[in-house]
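To start, the structure itself, in structure tokens.
The values are calculated or read from the model by the stated rules, or taken from the named source; none is laboratory data. The structure presented is a predicted model; accordingly, all values stated were derived computationally and were not measured. Backbone-built Cβ (ideal geometry, glycine too); neighbour counts: all protein chains shown.
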């Protein structure tokens, strides 16, 4: 009974949004939207999230139309983000709006392109570094925040690694020419 009541309410909401009902291909009439808890393994983590699909009460056929598939994919993505302690898309949108910022202003504050902000808000999973940058902006960035280093300490070892890697690309030993003076000057 509860399932039917929810399905009827959901169908009414979808009709109000202009979503056409789905007819059972086995000629059993209009299918109902059903919501169900789902479980999936994603990136090695078991994720629990809600999915919606059209179902026929007579034959049990379940159909996921394109629009619902996109919503279900977003629900899986947000479920993973929550499990991995990353900001879900809806929270990124809510926090940006709380600050009264446009996507462009948030992108500039985080030092990324506006497309990265849009992808994060739509459900694409961001990297942990991007997540930390977003949280720093939303929580109020410290005055000494450095987006280039993520506020990690620079060490001679790290600088040497960068020069060595760059030297391989340039096919020359950058440290041989100037020795330790170059390392200390870089630091």
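Are there helices (runs of 4 or more DSSP H) fully within the range 32-129 with at least 3 residues that are closer than 26 Å to residue 22 by Cβ? List them.
Once the helices (runs of 4 or more DSSP H) in the range 32-129 are filtered for at least 3 residues that are closer than 26 Å to residue 22 by Cβ, what remains is 66-83.
Has the range 91-98 got any residue that is surrounded by fewer than 18 Cβ atoms within 10 Å (Cβ to Cβ) and modelled with pLDDT under 90?
No, the range 91-98 contains no residue that is surrounded by fewer than 18 Cβ atoms within 10 Å (Cβ to Cβ) and modelled with pLDDT under 90.
Considering 60, 113, 120, which residue is in the same structural domain as residue 28 (by TED's automatic domain parsing) and either out of contact with any strand residue (DSSP E or B) (no Cβ under 8 Å at 6 or more places or on another chain) or more than 30 Å from residue 29 (Cα to Cα) (or both)?
Selected residue: 60, the only one of 60, 113, 120 that is in the same structural domain as residue 28 (by TED's automatic domain parsing) and either out of contact with any strand residue (DSSP E or B) (no Cβ under 8 Å at 6 or more places or on another chain) or more than 30 Å from residue 29 (Cα to Cα) (or both).
Taking only the range 47-67 into account, find how many residues are without any contact (Cβ under 8 Å) to a residue 24 or more places away in the chain and closer than 22 Å to residue 90 by Cβ.
Counting residues in the range 47-67 that are without any contact (Cβ under 8 Å) to a residue 24 or more places away in the chain and closer than 22 Å to residue 90 by Cβ gives 3.
All but one of (1) closer than 30 Å to residue 71 by Cα; (2) at pLDDT below 60 hold for residue 143, so report the exception by its number.
Answer for residue 143: the failing condition is (1).
Going by the conditions given, is residue 148 at pLDDT below 85 and within 28 Å of residue 52 (Cβ to Cβ)?
Working: at pLDDT below 85: yes; within 28 Å of residue 52 (Cβ to Cβ): no.
No; evaluated as a whole, the condition is false for this residue.
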